[in-house]
1. Can Glu292 be described as exposed (fewer than 12 other Cβ atoms within 10 Å of the Cβ) and modelled with pLDDT of 90 or more?
2. Would you check which residues across segment 190-203 are over 36 Å from the mean Cα position of the chain (by Cα) and either under 18 Å from Asn236 (Cα atoms) or of a type in the set (Phe, Trp, Tyr) (or both) and list them?
3. What single numbered condition from (1) among the basic types (Lys, Arg); (2) surrounded by 18 or more Cβ atoms within 10 Å (Cβ to Cβ); (3) not in a helix (DSSP H, G or I) fails to hold for Arg235?
4. Any residue in segment 373-396 that's over 19 Å from Gly506 (Cα atoms) and acidic (Asp, Glu): show its pairings with residues that are surrounded by 20 or more Cβ atoms within 10 Å (Cβ to Cβ) and at pLDDT below 80 at Cβ separation under 6 Å, as long as the two are six or more apart or on different chains.
5. May I ask you to list pairs of residues, at least six apart or on different chains, whose Cβ atoms are under 8 Å apart, with the first in segment 49-64 being within 25 Å of His124 (Cα to Cα) and the second being of a type in the set (Phe, Trp, Tyr)?
6. Would you mind stating whether Glu231 is under 35 Å from the mean Cα position of the chain (by Cα), over 28 Å from Ala168 (Cβ atoms) and modelled with pLDDT under 90?
7. Answer yes if at least one residue in segment 589-599 is open to solvent by 10 Å² or more (accessible area, probe 1.4 Å), within 60 Å of the chain's Cα centre (by Cα) and closer than 22 Å to Asp314 by Cβ, and no otherwise.
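The values are calculated or read from the model by the stated rules, or taken from the named source; none is laboratory data. Keep in mind it's a predicted model, so treat the numbers as computed, not measured. In this analysis, Cβ positions are derived from the backbone assuming ideal geometry, glycine residues included, and neighbour counts consider all displayed protein chains. With ligands, DNA and RNA removed, areas are computed over all heavy atoms of the protein, side chains included. Shrake-Rupley method; radii C 1.70, N 1.55, O 1.52, S 1.80 Å.
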Amino acid sequence: MATVLVVDDVAANRELMAMLLGYRGHEVIEACDGADALALAQSRHPDVVVSDVLMPGIDGLELVHRLRSAPDEQAAHAPVIFYTANYLEPETRPIAEACGVSQVVLRSADPRELLDAVDDALEHGPVEIAPRPAHEFATVHARAINAKLVEKVRALRHTERRFEAMAASSPVGIVLLDAGGSATYVNPRLSEITGLPTDRLLERGWLACLEPASHAEALDIVRTGVTEAVEHRYRNRFVRDDGDARWLRVHLRPIRDAEADLAGAVVMVDDMTDVIAAEERAGREVRQRQEEARRRDAERLDSLRRMAGGMAHDFNNLLGAMLGFLTLAIEQITDEVDAGRMTSATGSALLGDLEQVTKGGERAKKLTEQLLAFGRREISQPEVVDVDTFLADAAGALADVAGPGIKLDLRPGDVPPVTIDPRLLERLLNLLVQNARDAMPDGGTIAVTTGRSPAGHATISVSDDGRGMPPEVLARAFEPFFSTKPGSRSAGLGLATAHGVVTQAGGEITLTSEPGQGTTVLITLPPKPGTPALAVSSPQPPPPPAPDADGGLTVLLADDEEDLRDVTARFIAKAGYRVLTAADGNEALEVAERHAGPIHCLVTDVMMPGMDGRQLAHKFLEDHPDTKVIFISGYAEALIDDNGRSLEPGRTVLAKPFSSAELTAALKAALPRR
């Protein structure tokens, strides 16, 4: 094992050579400059010296010259190897031969060449060299140093020209900072971006590219730096002196030299105005497309609502007549059995068959209610409802809807009162809990949470941890007759009905869902109480109406559906009232004009050809102001505005199809007898 003195002013180079020579088993001692190397050579007597050539102070050439002139014989004859990246072998050969340098090895060569050179020097041992006169060494040394300086100056000038060309043609602004954060160079592009001359951007002028709040942070980054050079990014709005506003993206990156000392930073400034404008245009286009898609969806849903409401109206008229005649038939059979004109067995058989028909009619009635709710044309009687109290009262019923294996978690919050028909709110919650239950066939939790939105609206969310919905199903979830449950035989009106109920109450309903992540239905309802829509009025009891001469009360019935008009007239007559009938509004006015006595109540359908029910009522009341009015309708199109508000506040409205008992109750409420 030999002792090798490694001389280099760069610590990383010394460490690399020490590691390389250590693998060969050599003992390595290090010197950071020529003076340190001379002292170590005379005190430690190394077997070989490996030295850089270009070093500050005493360079490698002068080190060898002084080493050969040293009084210590052992140090003076130590073999020397030049290991350099700046000098080529022909450049150092003359002085190397004169000073007894064994070899010149380039750093770019294979590391094994250095190891082989050390082995060769050790094999040949101490060198024999006759010292040359000092003036001769000085001449050779000066010539070599001057040649290298000229080469480096030319290379530096070439590098500077290349940098200036690159910086001048750069599409971004470039700033070079010193270790104190002052700009020492600014390229022309930065002046173009900012509209400021170069002299205003030098020193601390470059900070104009940043928001004032970021100045201290940026300077601190440059002055203190970090262990690793990390790029810091800023994005801000810059207003030029001419008033033109630009968006700038600023990149700040500290620079370290080879010894890891801070040497300043590089700042790159990019004008992002066109990019930001393009992003804003793209954002506007996306929002516009989304708005158009929402508008198309709204138009499609509105068309479906109108179609569903129209179908429900016609269906209600058919159901009303059918269920009415069923009621009359059942009553007639019962009377016949009671009078003994029909056997009990025959009556029971007939009544059993009619009961099945009635059940079918009731199921159809529920379907029309769902269609009307989706179409936002269902007769409603809004009230001010405390949602949390309502939920607490409905907890048992909702738990029954959820069924076994499902946990119902009610989470009340700070929710304001809302104005909604309690009957419709109950139906809404039942539908949503039922949908959530169906999404969790293996059980789970349904959370019903109430709260207050930032805008002060009441919120009700119904969440499940079921299978969720894919995007294509979620997009059509509110469509009528579209089921979110694959293979389901349901009518597909659940969420459509919920949508209609919420929007008729002036609220909004949204769905969020992902496959395997469950579904959340969020309902938002306005908190301020509104005018009750189509509510049954509750004024002070009026004075009893004056009866006809024969002591009865007269009711005028107007309905364009003959079958329904017939059965309704029979209901009214059965209740003990005299009945006048008309097929439309004009005929009703003519009948009233021909009738000699008073008409105590007008019962009119709302949707009729020509003059509708509202128009008839207003015209009729001009001549008969004391007459009571009862609207009958399965479709509230003519009784509410586009926002679901009542156009006839305080009037009694009876929803089709109705039973004989319901009609009788409405008449008794409007016409109390003496």
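1. On the way: exposed (fewer than 12 other Cβ atoms within 10 Å of the Cβ): yes; modelled with pLDDT of 90 or more: no.
Spelling it out, it is not the case that Glu292 is exposed (fewer than 12 other Cβ atoms within 10 Å of the Cβ) and modelled with pLDDT of 90 or more.
2. Leu190, Ser191, Glu192, Gly195, Leu196, Leu201
3. (2)
4. Within 6 Å, no pair qualifies.
5. Within 8 Å, the pairs are Val50/Tyr83; Ser51/Phe82; Ser51/Tyr83; Asp52/Phe82; Asp52/Tyr83; Val53/Phe82; Val53/Tyr87; Gly60/Phe82.
6. Working: under 35 Å from the mean Cα position of the chain (by Cα): yes; over 28 Å from Ala168 (Cβ atoms): no; modelled with pLDDT under 90: yes.
No.
7. The answer is no; no qualifying residue exists.
Residues checked against (1) touching a residue at least 24 places away in the same chain (Cβ under 8 Å); (2) open to solvent by less than 30 Å² (accessible area, probe 1.4 Å):
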| residue | (1), (2) |
| --- | --- |
| Ala165 | no, no |
| Ala168 | no, no |
| Asp178 | yes, no |
| Tyr185 | no, no |
| Leu190 | yes, yes |
| Thr194 | yes, yes |
| Arg200 | no, no |
| Gly205 | no, yes |
| Leu210 | yes, yes |
